[in-house]
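Peer 1: Got a structure for you, written out below as C-alpha coordinates; questions coming shortly.
The values are calculated or read from the model by the stated rules, or taken from the named source; none is laboratory data. All of these numbers come straight from a predicted model, not from anything done at the bench. When we count neighbours, we look across all protein chains shown, and the Cβ atoms used for this are built from the backbone with ideal geometry, even at glycine.
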Amino acid sequence: MNKRVRMLQFVVLMLILTLTAAGCSTPAESGNTAGGQEGEKIVISGLKSTDIEVSVEELKGLDSVTVDATSVSSSGEENQYTVTGPLLDDLLKKYGKSQCDLNGIRLVAGDGYSIEVPPEVLQSRDLILAHTIDGQPLDEKTRPIRAVVPEERAMYWIRNLVRIEVLEGAPQAEVGRVYILETLISQAAAEDYTYYESTDKAVKVDELLGLLNSDSLPDTASFVASDGFEKNEQLDILSEGYIKFTGEDAPLFLSPDLPKGMHIKSIYLCTLGDMALVSQEKAVEVLGTKKAEDKEGVSLEEIVSQAGLTGTDMYLLTAADGYTVEIMKDDIEKGIVFRNSKGQITVFFEGLPKNTQVKDFLSIERME
Ligand SMILES: Nc1nc2c(c(=O)[nH]1)N[C@H]1C(S)=C(S)[C@@H](COP(=O)(O)O)O[C@H]1N2
Ligand SMILES: [Mo]
(Lines give C-alpha, C1' and ligand atoms only; values in the text may rest on other atoms or scores of the structure.)
(Ligands and ions follow the chains in the order given, each with its own letter.)
Protein backbone atom coordinates (compact mmCIF):
# COMPACT_ATOMS: atom_id res chain seq x y z
CA MET A 1 0.00 0.00 0.00
CA ASN A 2 2.67 2.42 1.14
CA LYS A 3 4.84 1.49 -1.82
CA ARG A 4 2.00 2.04 -4.25
CA VAL A 5 1.19 5.45 -2.78
CA ARG A 6 4.82 6.47 -3.12
CA MET A 7 4.93 5.12 -6.69
CA LEU A 8 1.86 7.18 -7.50
CA GLN A 9 3.40 10.30 -5.95
CA PHE A 10 6.50 9.73 -8.05
CA VAL A 11 4.53 9.41 -11.26
CA VAL A 12 2.54 12.59 -10.50
CA LEU A 13 5.75 14.47 -9.65
CA MET A 14 7.41 13.37 -12.90
CA LEU A 15 4.33 14.45 -14.82
CA ILE A 16 4.42 17.90 -13.20
CA LEU A 17 8.14 18.26 -13.87
CA THR A 18 7.71 17.26 -17.51
CA LEU A 19 4.84 19.69 -17.99
CA THR A 20 6.72 22.53 -16.31
CA ALA A 21 9.83 21.90 -18.39
CA ALA A 22 7.76 21.76 -21.56
CA GLY A 23 6.26 25.12 -20.59
CA CYS A 24 9.66 26.81 -20.58
CA SER A 25 10.14 28.89 -23.69
CA THR A 26 13.89 28.54 -24.21
CA PRO A 27 15.61 25.19 -23.84
CA ALA A 28 18.61 25.28 -21.49
CA GLU A 29 21.87 25.56 -23.35
CA SER A 30 24.70 23.19 -22.68
CA GLY A 31 26.88 24.33 -19.78
CA ASN A 32 23.88 25.83 -18.00
CA THR A 33 23.59 24.06 -14.65
CA ALA A 34 20.25 22.40 -14.13
CA GLY A 35 17.98 24.72 -12.22
CA GLY A 36 20.04 27.76 -13.20
CA GLN A 37 18.09 30.80 -14.27
CA GLU A 38 18.77 32.64 -17.42
CA GLY A 39 20.06 36.19 -17.19
CA GLU A 40 21.23 35.86 -13.61
CA LYS A 41 23.90 38.41 -12.78
CA ILE A 42 25.53 40.50 -10.12
CA VAL A 43 26.36 44.19 -10.41
CA ILE A 44 29.63 45.72 -9.28
CA SER A 45 29.70 49.45 -8.58
CA GLY A 46 32.52 51.76 -7.59
CA LEU A 47 35.16 49.95 -9.61
CA LYS A 48 34.74 51.83 -12.88
CA SER A 49 32.83 55.02 -13.65
CA THR A 50 29.82 52.92 -14.60
CA ASP A 51 28.37 49.79 -13.05
CA ILE A 52 29.75 46.47 -14.23
CA GLU A 53 27.38 43.58 -14.80
CA VAL A 54 28.78 40.11 -14.41
CA SER A 55 26.58 37.20 -15.39
CA VAL A 56 26.54 33.98 -13.42
CA GLU A 57 27.56 32.30 -16.69
CA GLU A 58 30.68 34.44 -16.72
CA LEU A 59 31.44 33.64 -13.08
CA LYS A 60 31.15 29.94 -13.83
CA GLY A 61 33.70 30.40 -16.59
CA LEU A 62 36.35 31.69 -14.19
CA ASP A 63 38.71 29.39 -12.31
CA SER A 64 36.84 28.10 -9.29
CA VAL A 65 37.70 26.74 -5.89
CA THR A 66 35.83 24.16 -3.87
CA VAL A 67 36.22 24.34 -0.10
CA ASP A 68 34.56 22.98 3.02
CA ALA A 69 33.54 25.92 5.15
CA THR A 70 31.75 26.29 8.47
CA SER A 71 29.40 29.21 8.96
CA VAL A 72 28.96 30.50 12.50
CA SER A 73 25.91 32.65 13.16
CA SER A 74 25.58 35.38 15.78
CA SER A 75 23.81 32.91 18.06
CA GLY A 76 26.73 30.48 17.71
CA GLU A 77 24.89 28.04 15.45
CA GLU A 78 27.25 26.19 13.09
CA ASN A 79 26.58 24.91 9.57
CA GLN A 80 28.95 22.97 7.28
CA TYR A 81 28.96 23.63 3.55
CA THR A 82 31.03 22.58 0.57
CA VAL A 83 31.07 25.63 -1.64
CA THR A 84 32.21 26.08 -5.24
CA GLY A 85 32.80 29.30 -7.11
CA PRO A 86 35.43 31.78 -8.26
CA LEU A 87 37.33 34.00 -5.86
CA LEU A 88 36.27 37.65 -5.82
CA ASP A 89 39.96 38.43 -6.20
CA ASP A 90 40.13 36.57 -9.53
CA LEU A 91 37.15 38.54 -10.79
CA LEU A 92 38.72 41.83 -9.64
CA LYS A 93 41.97 40.95 -11.44
CA LYS A 94 40.06 41.12 -14.74
CA TYR A 95 39.50 44.80 -13.95
CA GLY A 96 43.06 45.43 -12.81
CA LYS A 97 42.17 45.45 -9.10
CA SER A 98 43.15 43.30 -6.17
CA GLN A 99 40.97 42.41 -3.20
CA CYS A 100 43.62 43.34 -0.65
CA ASP A 101 43.93 46.88 -2.02
CA LEU A 102 40.26 47.70 -1.49
CA ASN A 103 39.16 49.94 1.39
CA GLY A 104 36.05 47.89 1.99
CA ILE A 105 33.12 46.55 0.04
CA ARG A 106 29.42 46.39 0.68
CA LEU A 107 27.60 43.19 -0.22
CA VAL A 108 23.94 43.80 -1.04
CA ALA A 109 21.24 41.11 -1.24
CA GLY A 110 17.95 41.22 -3.08
CA ASP A 111 16.02 40.64 0.17
CA GLY A 112 17.13 43.85 1.91
CA TYR A 113 20.09 42.36 3.74
CA SER A 114 23.46 44.05 3.26
CA ILE A 115 26.79 44.12 5.01
CA GLU A 116 30.07 45.95 4.81
CA VAL A 117 33.23 43.84 4.62
CA PRO A 118 36.07 45.84 6.19
CA PRO A 119 39.58 46.04 4.70
CA GLU A 120 41.04 43.82 7.47
CA VAL A 121 38.80 40.97 6.34
CA LEU A 122 39.46 41.64 2.64
CA GLN A 123 43.19 41.50 3.30
CA SER A 124 43.22 38.28 5.27
CA ARG A 125 40.44 36.10 3.83
CA ASP A 126 39.22 34.57 0.62
CA LEU A 127 35.83 35.70 -0.58
CA ILE A 128 34.20 33.02 -2.71
CA LEU A 129 31.35 33.89 -5.06
CA ALA A 130 29.61 30.56 -4.62
CA HIS A 131 27.32 29.36 -7.39
CA THR A 132 27.20 25.76 -6.18
CA ILE A 133 26.77 24.57 -2.59
CA ASP A 134 27.07 20.91 -1.54
CA GLY A 135 27.24 20.01 -5.23
CA GLN A 136 23.83 21.54 -5.88
CA PRO A 137 22.75 24.70 -7.67
CA LEU A 138 21.58 27.38 -5.25
CA ASP A 139 18.03 27.39 -3.96
CA GLU A 140 15.53 30.15 -4.63
CA LYS A 141 16.41 32.38 -1.66
CA THR A 142 20.17 31.96 -2.16
CA ARG A 143 20.65 32.50 -5.89
CA PRO A 144 22.11 33.99 -7.98
CA ILE A 145 25.25 33.86 -5.77
CA ARG A 146 26.14 33.33 -2.13
CA ALA A 147 29.23 35.13 -0.89
CA VAL A 148 31.24 32.85 1.40
CA VAL A 149 34.10 34.03 3.59
CA PRO A 150 35.63 30.95 5.22
CA GLU A 151 36.81 31.56 8.83
CA GLU A 152 34.57 34.61 9.20
CA ARG A 153 31.17 34.76 10.79
CA ALA A 154 28.08 34.06 8.75
CA MET A 155 26.96 37.68 8.70
CA TYR A 156 29.32 38.04 5.70
CA TRP A 157 27.89 34.97 3.96
CA ILE A 158 25.23 36.78 2.12
CA ARG A 159 22.66 34.87 0.17
CA ASN A 160 20.86 36.30 -2.83
CA LEU A 161 23.89 38.50 -3.61
CA VAL A 162 22.91 40.98 -6.30
CA ARG A 163 25.38 43.82 -5.87
CA ILE A 164 28.95 44.48 -4.73
CA GLU A 165 29.74 48.10 -3.95
CA VAL A 166 33.42 48.96 -3.84
CA LEU A 167 33.76 51.59 -1.09
CA GLU A 168 36.02 54.59 -1.07
CA GLY A 169 37.14 54.18 2.52
CA ALA A 170 36.31 57.32 4.43
CA PRO A 171 39.32 58.93 6.09
CA GLN A 172 39.14 58.23 9.82
CA ALA A 173 38.16 61.50 11.53
CA GLU A 174 39.50 62.28 14.97
CA VAL A 175 36.88 62.15 17.71
CA GLY A 176 36.23 65.58 19.22
CA ARG A 177 33.08 64.94 21.26
CA VAL A 178 31.78 61.94 23.17
CA TYR A 179 28.09 61.57 24.02
CA ILE A 180 26.65 59.36 26.72
CA LEU A 181 24.11 57.20 24.90
CA GLU A 182 21.68 56.90 27.83
CA THR A 183 21.44 60.67 28.31
CA LEU A 184 21.03 61.24 24.58
CA ILE A 185 18.25 58.64 24.47
CA SER A 186 16.51 60.31 27.45
CA GLN A 187 16.17 63.44 25.30
CA ALA A 188 14.23 61.59 22.58
CA ALA A 189 10.61 60.39 22.51
CA ALA A 190 10.35 56.82 23.78
CA GLU A 191 7.97 54.47 21.99
CA ASP A 192 6.73 51.01 22.90
CA TYR A 193 8.47 48.42 20.76
CA THR A 194 7.36 44.82 20.71
CA TYR A 195 10.24 42.48 20.07
CA TYR A 196 9.47 38.78 20.24
CA GLU A 197 7.26 38.35 23.31
CA SER A 198 8.28 41.44 25.22
CA THR A 199 7.31 45.07 24.86
CA ASP A 200 10.26 47.37 25.48
CA LYS A 201 11.11 51.02 24.95
CA ALA A 202 12.80 52.36 21.84
CA VAL A 203 13.72 55.66 20.21
CA LYS A 204 14.04 56.50 16.53
CA VAL A 205 17.66 56.67 15.34
CA ASP A 206 16.73 59.60 13.15
CA GLU A 207 15.69 61.58 16.22
CA LEU A 208 18.93 60.70 18.03
CA LEU A 209 20.97 61.86 15.06
CA GLY A 210 19.04 65.13 15.07
CA LEU A 211 19.94 65.67 18.73
CA LEU A 212 23.62 65.54 17.82
CA ASN A 213 23.01 68.82 15.92
CA SER A 214 25.90 68.17 13.58
CA ASP A 215 25.80 69.62 10.08
CA SER A 216 28.21 67.04 8.74
CA LEU A 217 27.15 63.51 9.57
CA PRO A 218 29.26 60.83 7.86
CA ASP A 219 27.82 58.12 5.57
CA THR A 220 28.78 55.28 7.89
CA ALA A 221 28.84 54.59 11.61
CA SER A 222 31.16 52.08 13.32
CA PHE A 223 29.85 49.97 16.18
CA VAL A 224 31.57 48.02 18.92
CA ALA A 225 29.36 45.75 21.02
CA SER A 226 30.11 44.83 24.63
CA ASP A 227 31.23 41.33 23.51
CA GLY A 228 33.82 42.83 21.14
CA PHE A 229 31.72 42.37 18.00
CA GLU A 230 32.44 45.12 15.46
CA LYS A 231 30.39 46.28 12.52
CA ASN A 232 29.97 49.27 10.23
CA GLU A 233 26.56 50.34 9.07
CA GLN A 234 25.31 52.99 6.67
CA LEU A 235 23.53 55.99 8.19
CA ASP A 236 20.80 55.70 5.57
CA ILE A 237 19.99 52.25 6.90
CA LEU A 238 20.36 53.24 10.57
CA SER A 239 18.05 56.23 10.08
CA GLU A 240 15.19 53.90 9.26
CA GLY A 241 15.46 52.06 12.54
CA TYR A 242 15.31 52.28 16.30
CA ILE A 243 17.51 51.87 19.33
CA LYS A 244 15.68 49.66 21.81
CA PHE A 245 17.03 50.66 25.19
CA THR A 246 15.22 48.36 27.63
CA GLY A 247 14.99 44.57 27.82
CA GLU A 248 16.96 41.88 26.00
CA ASP A 249 20.16 42.82 24.13
CA ALA A 250 19.76 46.57 24.85
CA PRO A 251 20.98 48.92 23.58
CA LEU A 252 19.88 47.19 20.39
CA PHE A 253 19.67 48.63 16.88
CA LEU A 254 16.74 47.13 15.04
CA SER A 255 14.11 47.90 12.50
CA PRO A 256 10.86 46.20 11.61
CA ASP A 257 11.89 46.59 7.94
CA LEU A 258 15.31 44.96 8.19
CA PRO A 259 16.35 41.30 8.28
CA LYS A 260 17.18 40.21 11.83
CA GLY A 261 20.80 39.63 10.89
CA MET A 262 21.25 43.38 10.56
CA HIS A 263 20.32 44.11 14.17
CA ILE A 264 23.20 45.23 16.37
CA LYS A 265 23.07 43.94 19.94
CA SER A 266 24.54 45.33 23.15
CA ILE A 267 25.96 48.51 21.65
CA TYR A 268 28.90 49.75 23.69
CA LEU A 269 30.44 52.29 21.36
CA CYS A 270 29.32 53.96 18.16
CA THR A 271 31.61 56.27 16.21
CA LEU A 272 30.15 58.75 13.73
CA GLY A 273 32.85 60.81 12.09
CA ASP A 274 34.20 63.12 14.78
CA MET A 275 31.60 62.06 17.34
CA ALA A 276 31.36 58.99 19.51
CA LEU A 277 28.46 57.62 21.53
CA VAL A 278 29.19 55.48 24.59
CA SER A 279 26.76 53.46 26.64
CA GLN A 280 27.50 53.97 30.34
CA GLU A 281 25.80 50.69 31.18
CA LYS A 282 27.90 48.71 28.68
CA ALA A 283 31.02 50.63 29.75
CA VAL A 284 30.42 49.28 33.27
CA GLU A 285 30.40 45.74 31.80
CA VAL A 286 33.45 46.25 29.60
CA LEU A 287 35.64 48.46 31.79
CA GLY A 288 34.44 47.68 35.30
CA THR A 289 33.94 50.29 38.00
CA LYS A 290 35.96 52.14 40.58
CA LYS A 291 34.98 54.00 43.72
CA ALA A 292 35.35 57.66 44.60
CA GLU A 293 34.10 58.65 48.05
CA ASP A 294 30.62 57.11 48.34
CA LYS A 295 30.13 56.83 44.56
CA GLU A 296 30.91 53.91 42.27
CA GLY A 297 31.10 54.21 38.50
CA VAL A 298 33.17 53.95 35.33
CA SER A 299 36.35 55.96 35.02
CA LEU A 300 35.73 59.02 32.83
CA GLU A 301 39.34 58.86 31.68
CA GLU A 302 38.81 55.33 30.37
CA ILE A 303 35.60 56.29 28.57
CA VAL A 304 37.36 59.21 26.93
CA SER A 305 40.29 57.09 25.80
CA GLN A 306 38.13 54.18 24.56
CA ALA A 307 36.13 56.64 22.47
CA GLY A 308 39.36 58.02 20.99
CA LEU A 309 39.04 61.53 22.44
CA THR A 310 42.54 62.55 23.43
CA GLY A 311 45.16 65.22 23.14
CA THR A 312 43.79 68.39 24.66
CA ASP A 313 44.46 70.49 27.76
CA MET A 314 40.86 71.39 28.53
CA TYR A 315 37.55 69.55 28.23
CA LEU A 316 34.02 70.89 28.19
CA LEU A 317 31.32 68.81 29.83
CA THR A 318 27.67 69.46 29.00
CA ALA A 319 24.48 68.36 30.74
CA ALA A 320 21.16 67.69 29.02
CA ASP A 321 19.79 71.00 30.38
CA GLY A 322 22.74 72.95 28.96
CA TYR A 323 24.79 73.22 32.18
CA THR A 324 28.50 73.18 31.33
CA VAL A 325 31.71 72.64 33.25
CA GLU A 326 35.33 73.01 32.13
CA ILE A 327 37.76 70.39 33.36
CA MET A 328 41.54 70.41 33.00
CA LYS A 329 43.21 67.40 31.38
CA ASP A 330 44.91 66.35 34.62
CA ASP A 331 41.60 66.27 36.50
CA ILE A 332 39.86 63.93 34.05
CA GLU A 333 41.23 60.90 35.90
CA LYS A 334 39.32 62.02 39.01
CA GLY A 335 36.00 61.59 37.25
CA ILE A 336 33.62 58.66 37.55
CA VAL A 337 30.40 58.19 35.62
CA PHE A 338 27.51 56.53 37.44
CA ARG A 339 23.74 56.38 37.53
CA ASN A 340 22.37 58.38 40.47
CA SER A 341 19.34 57.45 42.60
CA LYS A 342 17.06 59.34 40.20
CA GLY A 343 18.39 57.29 37.28
CA GLN A 344 20.38 60.18 35.77
CA ILE A 345 23.84 59.44 34.38
CA THR A 346 26.11 61.68 36.44
CA VAL A 347 29.80 62.52 36.43
CA PHE A 348 31.53 63.21 39.73
CA PHE A 349 35.10 64.43 40.26
CA GLU A 350 36.79 63.29 43.44
CA GLY A 351 38.26 66.22 45.35
CA LEU A 352 36.96 68.94 43.01
CA PRO A 353 34.31 71.54 43.98
CA LYS A 354 30.74 70.26 44.05
CA ASN A 355 29.71 72.42 41.08
CA THR A 356 31.88 70.26 38.80
CA GLN A 357 29.38 67.44 39.24
CA VAL A 358 27.23 67.13 36.10
CA LYS A 359 23.82 65.45 36.34
CA ASP A 360 22.25 64.16 33.12
CA PHE A 361 25.77 64.11 31.72
CA LEU A 362 25.32 64.44 27.95
CA SER A 363 28.76 64.97 26.48
CA ILE A 364 32.41 65.70 26.91
CA GLU A 365 34.31 67.51 24.18
CA ARG A 366 37.71 68.88 23.38
CA MET A 367 38.07 72.65 23.94
CA GLU A 368 40.33 74.38 21.44
N1 LIG B 1 20.41 37.52 1.76
C2 LIG B 1 20.66 37.30 3.05
N3 LIG B 1 21.84 36.72 3.38
C4 LIG B 1 22.14 36.50 4.69
C5 LIG B 1 21.24 36.88 5.72
C6 LIG B 1 19.98 37.47 5.33
O7 LIG B 1 19.12 37.81 6.15
N8 LIG B 1 19.74 37.64 3.99
N9 LIG B 1 21.61 36.70 7.04
C10 LIG B 1 23.05 36.56 7.31
C11 LIG B 1 23.32 36.13 8.68
S12 LIG B 1 23.23 37.33 9.88
C13 LIG B 1 23.68 34.83 8.98
S14 LIG B 1 24.07 34.38 10.54
C15 LIG B 1 23.75 33.81 7.91
C16 LIG B 1 22.97 32.57 8.26
O17 LIG B 1 23.39 31.61 7.36
P18 LIG B 1 23.08 30.04 7.46
O19 LIG B 1 21.62 29.91 7.15
O20 LIG B 1 23.92 29.39 6.44
O21 LIG B 1 23.41 29.60 8.84
O22 LIG B 1 23.35 34.30 6.64
C23 LIG B 1 23.73 35.61 6.32
N24 LIG B 1 23.34 35.91 4.98
MO1 LIG C 1 23.61 36.20 11.95
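Peer 1: Within region 110-135, which residues are among the polar types (S, T, N, Q) and part of a strand (DSSP E or B)? Step through it out loud before you land on a result.
Peer 2: First, the residues of region 110-135 that are among the polar types (S, T, N, Q): 114, 123-124, 132.
Selection gives S114, T132.
Peer 1: Out of L59, L107, report the one residue that is more than 16 Å from ligand 1 (Cβ to nearest atom), among the hydrophobic types (A, V, I, L, M, F, W, C) and either modelled with pLDDT of 90 or more or outside any loop (DSSP other than H, G, I, E, B) (or both). It would help to see each step written out before you state the result.
Peer 2: Working: L107 fails: more than 16 Å from ligand 1 (Cβ to nearest atom).
The conditions single out L59.
Peer 1: Separate question: Looking at region 135-159 only, could you name the residues that are near ligand 1 (Cβ under 10 Å from one of its atoms) and modelled with pLDDT of 95 or more?
Peer 2: So in region 135-159, the residues near ligand 1 (Cβ under 10 Å from one of its atoms) come out as 141-142, 146-148, 153-159.
Hits for region 135-159 are K141, T142, R146, A147, V148, A154, M155, Y156, W157, I158, R159.
Peer 1: Consider Q123 carefully, then state whether it is at pLDDT 95 or above, in contact with a helix residue (DSSP H, G or I) (Cβ under 7 Å, 6 or more places away or on another chain) and farther than 15 Å from E165 by Cα.
Peer 2: yes
Peer 1: List pairs: first in region 63-74 and closer than 11 Å to E152 by Cα, second away from ligand 2 (no atom under 16 Å from the Cβ) and part of a strand (DSSP E or B), Cβ under 7 Å, 6+ apart or cross-chain?
Peer 2: A69/V83; T70/Q80
Peer 1: Against the definition (out of contact with any Asp or Glu (no Cβ under 9 Å at 6 or more places or on another chain) and within 28 Å of D227 (Cβ to Cβ)), how does I364 come out, yes or no? Give the steps one after another, and end with the answer.
Peer 2: Details: out of contact with any Asp or Glu (no Cβ under 9 Å at 6 or more places or on another chain): yes; within 28 Å of D227 (Cβ to Cβ): yes.
When the stated conditions are applied, I364 passes them.
Peer 1: Take the conditions buried (at least 20 other Cβ atoms within 10 Å of the Cβ) and of a type in the set (V, I, T) and apply them to T199. Does it pass? Spell out how you get there, then give the answer.
Peer 2: Numbers: buried (at least 20 other Cβ atoms within 10 Å of the Cβ): no; of a type in the set (V, I, T): yes.
No, not satisfied.
Peer 1: Within the group V298, V304, which residue is outside any loop (DSSP other than H, G, I, E, B) and out of contact with any Lys or Arg (no Cβ under 9 Å at 6 or more places or on another chain)? Working first, answer last.
Peer 2: On the way: V298 fails: out of contact with any Lys or Arg (no Cβ under 9 Å at 6 or more places or on another chain).
Result: V304 is the single residue among V298, V304 that is outside any loop (DSSP other than H, G, I, E, B) and out of contact with any Lys or Arg (no Cβ under 9 Å at 6 or more places or on another chain).
Peer 1: For region 254-266, does any single residue satisfy the condition of being free of Cβ contacts under 8 Å to residues at least 40 places away in the same chain and more than 14 Å from ligand 2 (Cβ to nearest atom)?
Peer 2: Filtering region 254-266 for residues free of Cβ contacts under 8 Å to residues at least 40 places away in the same chain gives 255-256, 260, 263.
Subset that is more than 14 Å from ligand 2 (Cβ to nearest atom): 255-256.
Within region 254-266 (the criterion being free of Cβ contacts under 8 Å to residues at least 40 places away in the same chain and more than 14 Å from ligand 2 (Cβ to nearest atom)), the answer is yes, since at least one residue qualifies.
Peer 1: Search region 160-189 for residues being surrounded by 22 or more Cβ atoms within 10 Å (Cβ to Cβ) and over 30 Å from A319 (Cα atoms), and hand back the single one that is nearest to ligand 1 (Cβ to nearest atom).
Peer 2: Top of the filtered list is L161.
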